[in-house]
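First up is the structure itself, then whatever we jot down about it.
The values are calculated or read from the model by the stated rules, or taken from the named source; none is laboratory data. Keep in mind it's a predicted model, so treat the numbers as computed, not measured. Cβ sites come from the backbone with ideal geometry, for glycine too, and all protein chains shown count toward neighbours. Please note that ligands, DNA and RNA were not included when accessible areas were found on the heavy atoms of the full protein model with its side chains. Shrake-Rupley method; radii C 1.70, N 1.55, O 1.52, S 1.80 Å.
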Amino acid sequence: MEKEVIILGIESSCDDTSAAVIRNGELLSNVTASQKVHEEYGGVVPELASRAHQQNIVPVVDTALKRAGVRKEDLSAIAFTRGPGLLGSLLVGTSFAKGLALSLGIPLIDVNHLQGHVLAHFVKPSPNPQPNFPFLCLLVSGGNSQIVLVRAYNDMEIIGQTIDDAAGEAFDKCAKVMGLPYPGGPWIDKLAKEGNPEAYVFAKPQIPGYNYSFSGLKTSFLYTLRDLLREHEVDTIDELAERIPHLREDLCASIQKTVVEILMKKLRQAAKDMKIDSVAVAGGVSANSALREAFIDYGKRYRANVFIPPFSFTTDNAAMIAEAGYFKYLDGDFCPLEKVPYAKTKI
Ligand code: KG4
């Protein structure tokens with residue numbers, strides 16, 4: 001009888017403590033505790049994130065095992081996010097994974113968080129088809145905006161990336177300026193549905209190759225608001241919103257349209273140059289409805305295969321870490337106990 005491979009995945013790179021169990025690549029459970037403590041600060045506070053991970057990790061792992069109907073003695077290996085991310089947050093997941101693996105006498109598997117996002121497309125069962133190799137993956141989150149060439153499960157190369165802010169960061173910062181809660185990306189998405197995407201025009205970056213830049217767009221957004229405030233002789237965005245109907249909705253729709261256009265243009269260029277007809281999207285910003293629509297349009301227009309993850313796998317989750325760990329397990333690619341987390345890295 002074929003040996004069962006049961007992997008426990010642990011994710012703690014930012015502000016979500018998550019644990020998942022997969023058996024032979026099939027998801028049995030995926031439990032995430034999101035941290036509300038950061039909302040009042042308008043961004044993630046690293047020290048508070050580490051403390052919350054400390055509180056959450058034991059109950060989250062325990063719940064994931066119970067929901068999966070798996071005893072810890074049944075586990076084949078433990079996969080954990082080693083980086084990139086917040087070092088204090090990563091340390092909690094890494095130390096917990098090491099301790100548990102050591103006590104159970106099973107292998108430890110380190111997973112690159114970004115590879116995890118890409119491999120979220122392979123978590124089964126899924127309502128969506130799995131990408132075929134090679135494909136290009138647009139990886140867009142709060143900390144990253146990259147185009148990744150994916151040759152195989154464990155063979156990826158970044159061919160383009162942001163030289164400054166990430167797309168999610170740009171959404172979050174623009175949302176903050178408009179007085180919207182953190183994280184602002186989902187709010188922009190929501191308000192954009194009621195707005196006119198042609199209402200405002202923002203500067204688009206002129207960066208060579210497949211790299212991105214979003215800092216100029218952020219500045220252009222700020223200047224637009226500054227000019228509107230001057231023109232209407234008011235001091236706050238709330239006062240401005242009383243004078244200009246649909247102000248926030250129109251700003252959201254316009255900034256969202258611009259970000260999506262910037263992202264899709266480079267992806268299209270890369271796919272064309274490399275003659276690759278399969279494209280996927282991953283990361284927190286892949287929840288954005290305009291970006292998802294742009295992918296569907298891309299598929300129709302260029303007769304390409306497009307892969308969009310289920311909503312549950314767009315933000316940080318341990319299912320993708322367990323899945324990535326499963327592929328490394330099959331390759332016998334394990335992690336020695338002395339390996340430490342890393343804050344920054346390439347795929
Ligand atoms: O991958 P992710 O969960 O976490 C890290 O970056 O660590 O991505 C979070 C980012 C945030 O910037 C958030 O605003 C953005 O994803 N985001 C969205 C949407 N949902 C989440 N941005 C635009 N539209 C959305 N619907």
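I'd like to verify a number: residues in the stretch 107-122 that are within 15 Å of the ligand (Cβ to nearest atom) and open to solvent by less than 20 Å² (accessible area, probe 1.4 Å), how many?
Kept after step one, since they are within 15 Å of the ligand (Cβ to nearest atom), are these residues of the stretch 107-122: 111-121.
Subset that is open to solvent by less than 20 Å² (accessible area, probe 1.4 Å): 111-114, 116-121.
Number of matching residues: 10.
One residue is enough: does the stretch 175-193 have a residue meeting the conditions more than 16 Å from the ligand (Cβ to nearest atom), open to solvent by 30 Å² or more (accessible area, probe 1.4 Å) and small (Gly, Ala, Ser)? Walk me through how you get there before you give the answer.
At the first step, the residues of the stretch 175-193 found to be more than 16 Å from the ligand (Cβ to nearest atom) are none.
Checked against the condition, which is being more than 16 Å from the ligand (Cβ to nearest atom), open to solvent by 30 Å² or more (accessible area, probe 1.4 Å) and small (Gly, Ala, Ser), the stretch 175-193 yields no hits at all.
Given the conditions (1) within 16 Å of the ligand (Cβ to nearest atom); (2) in contact (Cβ under 8 Å) with a residue 40 or more places away in the chain; (3) open to solvent by less than 40 Å² (accessible area, probe 1.4 Å), report the number of the one that Pro197 does not fulfil.
Answer for Pro197: the failing condition is (3).
Looking at Val58, Val44, which is the one that is aliphatic (A, V, I, L, M), at pLDDT below 95 and out of contact with any Lys or Arg (no Cβ under 9 Å at 6 or more places or on another chain)?
Testing whether each residue is aliphatic (A, V, I, L, M), at pLDDT below 95 and out of contact with any Lys or Arg (no Cβ under 9 Å at 6 or more places or on another chain) leaves just Val44.
Identify, from the list Glu293, Glu261, the residue that is without any contact (Cβ under 8 Å) to a residue 12 or more places away in the chain and within 30 Å of Asp316 (Cβ to Cβ).
Glu293
Tell me, yes or no, whether the stretch 318-340 has at least one residue that is within 20 Å of the chain's Cα centre (by Cα), within 12 Å of the ligand (Cβ to nearest atom), open to solvent by 30 Å² or more (accessible area, probe 1.4 Å) and under 22 Å from Leu114 (Cβ atoms).
No.
Given the options Lys272, Lys300, Lys266, Lys339, name the one that is basic (Lys, Arg) and under 30 Å from Leu180 (Cβ atoms).
None of the other options fit; the residue is Lys266.
I'd like the full set of residues that are in contact with a Pro (Cβ under 8 Å, 6 or more places away or on another chain), within 16 Å of the ligand (Cβ to nearest atom) and of a type in the set (S, T, N, Q), limited to the stretch 261-317.
Ser286
Condition test on Ala280, is it open to solvent by less than 10 Å² (accessible area, probe 1.4 Å), in contact with a strand residue (DSSP E or B) (Cβ under 6 Å, 6 or more places away or on another chain) and in a helix (DSSP H, G or I)?
When the stated conditions are applied, Ala280 does not pass them.
Determine which member of the set Asp235, Asp250, Asp273 is under 30 Å from Pro131 (Cβ atoms) and of a type in the set (Asp, Glu).
On the way: Asp235 fails: under 30 Å from Pro131 (Cβ atoms); Asp250 fails: under 30 Å from Pro131 (Cβ atoms).
After applying the criteria, what remains is Asp273.
Since Glu231 meets every condition but one in (1) within 16 Å of the ligand (Cβ to nearest atom); (2) out of contact with any Phe, Trp or Tyr (no Cβ under 8 Å at 6 or more places or on another chain); (3) open to solvent by 20 Å² or more (accessible area, probe 1.4 Å), which condition does it not meet?
Of (1) within 16 Å of the ligand (Cβ to nearest atom); (2) out of contact with any Phe, Trp or Tyr (no Cβ under 8 Å at 6 or more places or on another chain); (3) open to solvent by 20 Å² or more (accessible area, probe 1.4 Å), only one is false for Glu231: (1).
Here is a list of conditions, (1) assigned to a loop (DSSP other than H, G, I, E, B); (2) out of contact with any strand residue (DSSP E or B) (no Cβ under 7 Å at 6 or more places or on another chain); (3) under 23 Å from Thr17 (Cβ atoms), and Cys335 meets all of them except one; can you say which number that is?
All conditions are met except number (2).
Could you check the stretch 123-165 for strands (runs of 3 or more DSSP E) lying wholly inside it with 1 or more residues that are open to solvent by 10 Å² or more (accessible area, probe 1.4 Å) and within 16 Å of the ligand (Cβ to nearest atom)?
So the answer is 155-161.
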